[in-house]
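Participant: After the structure tokens below, expect a handful of questions from me.
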Amino acid sequence: MYVADSRGTPAPAVTPEPSAAAPGTRPGRRAALAPTVLALGTVSLITDVSSEMVAAVLPLYLVAGLGLSPLGFGLLDGLYNGVSALVRLAGGHLGDRFGRHKALAGTGYALSALCKPLLLLAHTLPAIGAVLALDRTGKGLRTAPRDALISLAAAPEDRGRAFGVHRAMDTAGALIGPILAFLILRGAADGYDAVFTVSACVAALGVLVLVLFVPGRPAPARPAAGADSTDSTDERVSLRASLGLLRGRDLRRTGLCALLLGLCTVSDGFVFLLLQRATGIADRWFALLPLGTAAAFFLLALPLGRLADRIGRTRVFLGGHLALLLAYGLLLAGGHHPWLPYAVLLLHGGFYAATDGVLMAAAAAAVPAEHRGGGLALVQTGQALARFAAALGFGAAWTFWGPRPALAVAAVLLAAAVALCVRLRPAAD
């Protein structure tokens, strides 16, 4: 894996959503999660097995196998995380306009699945960059429609829990993926090619599960008393109207905090490379480093999602960045302490558990239902572009200054960004 004046034209009115307990539940007892959330969690679990198999070996494959410089890796890593921003707005808006969130998400998953075997043919920087760009195009198409389906299926007061469950299931795949990659690398003669082949087969299974088990539309929400129940018109779901959501103070501030903090976030690949340098971990164990992050994410996603529902999502979001800042501090301190890898990976996973789904739950509260996909895409796009710039900047800083000075600058900038975002956080949270 980010400031504005509060004056301006008001945002479109948010369509009221019911917060009453679901029929059949006892008073004071939380309703069961919607089947849409669990089905999408299963799709994400399978897909993340595929994606994390590749992500676990990609930094080492590019730097050690193909001999790319840190600047070249920064370019590819930024591309991998940032190019999806170019299509996220389109995916979110088209899903809203035509009511086809599932179709857009399925297209994105299918594109990413097709890219896995193409890595077998790509051995140069331009070729690998093109494959990764296509893969991230698929991610950009699917992310906002998928998160819109989750937020529309969950009760407003339960969105943190719903996103926490989804992210926990997603991260279960991230736990399995690196283990498979590690075992394949140790057992196959052409380890990298074998990883890419198995990854393609698993990704295809994820697309099949989405087609068969994810409902095309979330169950329609019951309008609150006095709410206008008329259907949204094409004019209301225009791209101009979606962009106009940024006039709303809460969504604007949420998006700007995500943008600012994203500019100060060191990407995962660099974190793992820095950890390897700080601890002397052998290359054969490198593919297991994402496993530590994924394990912490898996264990903390649901508890932190529930905590965000209770104490405020922006507070938990900023707290996650403080955990990341502490991880940077430990990497700067260095030393061959046996506990250092565990501490850094725990903090790194806690950062994702406190920010990934929590940010979407916070943004959903400031977006009307008919613009849910486009509104979430606005926040995701800003964050993705910021992380793209951060990867390029950190790769260049590493190349010219070295890893420790580059990380020190990133830590100082992140501390300043968190302090600023404390003042910028939405008043409603």
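Since every read-out is calculated from the coordinates, none of them should be taken as a lab result. It should be emphasised that the depicted structure is a prediction, and the values quoted were computed from it without experimental measurement. No Cβ is skipped: glycine too gets one built from the backbone with ideal geometry, and neighbour counts run over all protein chains shown.
Participant: Suppose each label sits 7 Å from its Cα in the direction of the beta carbon; what would the Ala333-Ala396 distance come out to in nanometres?
Facilitator: That separation, rounded to one decimal, is 3.2 nm.
Participant: Separate question: Full extension from Tyr342 to Val63: what is 0.36 nm times the residue separation minus their Cα-Cα distance, to one decimal in nm? Kindly include the intermediate steps, with their values, before the conclusion.
Facilitator: Values: separation 279, 0.36 × 279 = 100.44 nm, distance 2.38 nm.
Extra length available between Tyr342 and Val63 comes to 98.1 nm.
Participant: Below 13 angstrom from the Cβ of Asp170, what's the summed charge of the other residues (Lys, Arg +1; Asp, Glu -1)?
Facilitator: Working: positive: Lys139, Arg142, Arg146, Arg167; negative: Asp48, Glu52, Asp147, Asp356.
That sum, taken over residues with Cβ under 13 Å, equals 0.
Participant: Also, quick follow-up: Place a point 7 Å from the Cα of Arg186 along the Cα-to-Cβ direction; which residues of region 334-363 have their backbone N under 20 Å from it?
Facilitator: Label zone hits: 341-342.
Participant: Output needed for region 104-163: three equivalent-ellipsoid semi-axes, defined as square roots of 5 times the C-alpha gyration tensor eigenvalues, in descending order, whole Å. Numbers along the way, then the final one.
Facilitator: On the way: eigenvalues 207, 19, 12 Å².
Sorted largest first and rounded, they come to 32, 10, 8 Å.
Participant: Here's something else I'd like to know. List the residues of region 174-211 whose backbone N lies under 14 Å from a point placed 7 Å from the Cα of Ala127 along the Cα-to-Cβ direction.
Facilitator: The answer is 193.
Participant: Then there is this: Determine the distance separating the Cα centre of region 133-170 from the Cα centre of region 353-429; give it in Å without decimals.
Facilitator: 17
Participant: Over region 280-354, one equal point on each Cα, no solvent: what is log10 I(q)/I(0) by the Debye formula at q = 0.14, 0.22, 0.27 Å⁻¹?
Facilitator: So the normalised log intensities work out to -0.47, -0.95, -1.20.
Participant: Would you please give the FRET efficiency between Ala32 and Arg247, computed as 1/(1 + (r/R0)^6) with r the Cβ-Cβ distance and R0 = 51 Å, to the nearest 0.05?
Facilitator: Numbers: r = 37 Å, r/R0 = 0.72.
Step by step, r from the Cβ atoms, then E = 0.90.
Participant: Turning to a different aspect of this structure: From the backbone phi of region 47-57, what are the Karplus-calculated ³J(HN,Hα) couplings (6.51 cos²θ - 1.76 cosθ + 1.60, θ = phi - 60°) in whole Hz, Gly and Pro given as x?
Facilitator: In residue order, the calculated couplings are 5, 6, 4, 5, 5, 6, 4, 6, 4, 5, 9 Hz.
Participant: Does region 380-429 come out rounded, prolate or oblate by the C-alpha gyration tensor, with a ≥ b ≥ c the root eigenvalues, rounded set by a/c under 1.5 and, if not, prolate when a/b is larger than b/c and oblate if not?
Facilitator: On the way: a/c = 5.39, a/b = 1.76, b/c = 3.07.
Here region 380-429 falls in the oblate category.
Participant: Something else about it: How big is the Cα convex hull of region 128-171 in projection, averaged over all directions, in nm²? Intermediate values should be presented prior to the final figure.
Facilitator: Values: hull surface 14.1 nm².
That works out to 3.5 nm².
Participant: In nanometres, what is the gap between the two model label sites at Leu71 and Leu420, each 7 Å from Cα along Cα-to-Cβ?
Facilitator: It is 2.7 nm.
Participant: Additional query: Compute the Rg/Rh shape ratio of region 245-311: radius of gyration over Kirkwood radius, all on alpha-carbon atoms. Walk me through the intermediate numbers first.
Facilitator: On the way: Rg = 17.0 Å, Rh = 15.0 Å.
Across region 245-311, the Cα-based Rg/Rh ratio is 1.14.
Participant: Could you tell me whether region 97-207 comes out rounded, prolate or oblate from its Cα gyration tensor? Rule is a ≥ b ≥ c as square roots of the eigenvalues, rounded for a/c under 1.5, then prolate if a/b exceeds b/c, otherwise oblate.
Facilitator: Values: a/c = 2.98, a/b = 1.62, b/c = 1.84.
Oblate, because a/c is 1.5 or more while a/b does not exceed b/c.
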